[in-house]
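Asks: My structure is below; once you've seen it, I'll send some questions.
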Amino acid sequence: MDKRLLDILVCPLCKSQLHLNAEKKELICKANRLAYPIRDDVPVMLVDEARSLSADEIA
């Protein structure tokens, strides 16, 4: 994912910074414990499409 795009993307729910998990192709919001998928190199920034993360996945 382009570093410039990652720098400007924020969580649509809380507006906090996102962290890239390249292995799982997801953008992680630690504040809300959500993972937004990246499909075909396009981040899907919809709360309804995000999956909840367990406490172990946040660490």
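The values are calculated or read from the model by the stated rules, or taken from the named source; none is laboratory data. All values derive from a computational prediction rather than experimental measurement. Cβ: placed from backbone, ideal geometry, glycine included. Neighbour counts: every protein chain shown. Side chains included, ligands, DNA and RNA excluded: accessible areas come from the protein's heavy atoms. Shrake-Rupley method; radii C 1.70, N 1.55, O 1.52, S 1.80 Å.
Asks: Per residue and in cubic angstrom, what volume does the convex hull of the Cα atoms of the chain have? It would help to have the intermediate numbers written out before the result.
Replies: Working: hull volume 4.5 nm³, N = 59.
Spelled out: Cα convex hull of the chain, divided by residues, is 77 Å³.
Asks: Now a separate question. Using a cut-off of 10 Å between beta-carbons, work out the net charge of the residues near His19 (Lys and Arg +1, Asp and Glu -1, His19 not included). Please list the in-between numbers first.
Replies: Details: positive: Lys30; negative: Glu26.
Local charge sum for His19: 0.
Asks: Could you work out the relative contact order of the chain, using alpha carbon pairs under 8 angstrom and six or more residues apart, expressed as a whole percent?
Replies: It comes to 23 percent, rounded to a whole number.
Asks: With a 1.4 Å probe and every protein chain kept in, tell me what percent of the accessible surface of the chain is carbon plus sulfur. It would help to have the intermediate numbers written out before the result.
Replies: On the way: 2070 of 4150 Å².
For the chain, the apolar C and S fraction of the accessible surface comes to 50 percent.
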